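Structure record follows, encoded as structure tokens.
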Amino acid sequence: MQQIIFATKNEGKLREIRMIMEDLPVEIISLKDAGITDEITEDGKTFEENALIKARIIMEKTGKLTLADDSGLEVDFLNGEPGVYSARYCGVNTSYKIKNRNIIERLIDVPDGERTARFVCVIAAAFPDGRSKTVRATMEGRIGYEEKGSNGFGYDPIFYLPEYGCYSAELDLEEKNKISHRGKALRLMKDILIRETGA
Ligand code: IMP
């Protein structure tokens with residue numbers, strides 16, 4: 001069976017991609033399974049650049065088709081911040097309690113209509129013949145006025161989904177995967193893999 005590397009150390013992301021790709025005749029292996037321990041510097045200016053940097057480096061090391069993702073939160077009132085710096089916002093070791101509170105404080109008195117935001121996920125594929133492809137998907141919402149919910153991670157407790165009348169951290173994983181930026185991007189990438197690998 002063809003092996004595809006998903007360049008992440010995050011077990012949750014691996015579970016998600018394996019669930020979505022489970023009906024394809026491919027085996028999704030992690031960086032650890034591929035014996036790779038290197039830290040890769042994500043110094044790109046866009047989600048696409050960062051995802052491609054990771055996918056290409058690992059593909060060149062292993063010779064195997066490699067997927068990599070990059071994601072983050074864009075807040076329109078903050079001109080797209082924290083964007084590609086989402087994990088590093090307020091400092092990489094700063095808790096999400098503080099990061100989230102900081103965003104709510106920066107949006108104090110900002111009316112509903114100007115609180116629009118989105119989670120973005122880009123997935124890159126680097127093919128052994130040197131070609132590469134990226135897909136991008138978003139989950140649109142608004143920054144709430146408080147933190148709510150205990151599911152999810154990161155910025156989920158401040159991300160309000162008007163269409164669903166709840167915060168992202170109030171969705172269970174299965175519900176979130178159906179509508180999330182990452183779930184949608186993974187399904188777009190699945191279609192590419194089916195075309196490219198004949199899976
Ligand atoms: P990375 O793609 O693993 O580098 O993640 C980037 C950062 O974006 C995460 O550390 C979170 O801060 C944020 N992020 C990305 N996706 C989500 C999500 O689904 N919920 C909450 N935060 C997210």
Within the range 1-28, can you find the residues that are touching a helix residue (DSSP H, G or I) at 6+ places or on another chain (Cβ under 7 Å), closer than 15 Å to residue 68 by Cβ and in a strand (DSSP E or B)? 5, 6, 28
Picked from the range 109-122 (must be away from the ligand (no atom under 16 Å from the Cβ) and either out of contact with any helix residue (DSSP H, G or I) (no Cβ under 6 Å at 6 or more places or on another chain) or in a strand (DSSP E or B) (or both)), the residue nearest to residue 59 (Cα to Cα) is 116
Given (1) surrounded by fewer than 21 Cβ atoms within 10 Å (Cβ to Cβ); (2) in a helix (DSSP H, G or I), index of the condition residue 157 fails: (1)
Do we have residue 149 as surrounded by 16 or more Cβ atoms within 10 Å (Cβ to Cβ), within 13 Å of the ligand (Cβ to nearest atom) and at positive phi here? yes
What are the residues in the range 123-146 that are within 18 Å of residue 98 (Cα to Cα) and within 14 Å of the ligand (Cβ to nearest atom), if any? 143, 144
Please state which one of 139, 189 is outside any helix (DSSP H, G or I) and at pLDDT 95 or above. 139
Among the residues in the range 67-77, are any under 24 Å from residue 43 (Cβ atoms), at pLDDT 95 or above and more than 18 Å from the chain's Cα centre (by Cα)? no
Quick check on the range 86-108: of everything there that is within 15 Å of the ligand (Cβ to nearest atom) and aliphatic (A, V, I, L, M), which residue is surrounded by the fewest Cβ atoms within 10 Å (Cβ to Cβ)? 92
Take the conditions without any contact (Cβ under 8 Å) to a residue 60 or more places away in the chain, under 23 Å from residue 21 (Cα atoms) and more than 19 Å from the chain's Cα centre (by Cα) and apply them to residue 112. Does it pass? no
Going residue by residue through the range 2-17, is there one that turns out to be of a type in the set (Gly, Ala, Ser) and closer than 21 Å to residue 89 by Cα? no
Looking at the range 58-85 only, could you name the residues that are closer than 26 Å to residue 193 by Cβ, buried (at least 17 other Cβ atoms within 10 Å of the Cβ) and either within 13 Å of the ligand (Cβ to nearest atom) or touching a residue at least 60 places away in the same chain (Cβ under 8 Å) (or both)? 58, 59, 65, 66, 67, 68, 69, 70, 71, 72, 84
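The values are calculated or read from the model by the stated rules, or taken from the named source; none is laboratory data. It should be emphasised that the depicted structure is a prediction, and the values quoted were computed from it without experimental measurement. Using ideal geometry, Cβ is built from the backbone for each residue, glycine included, and neighbour counts are taken over all protein chains shown.
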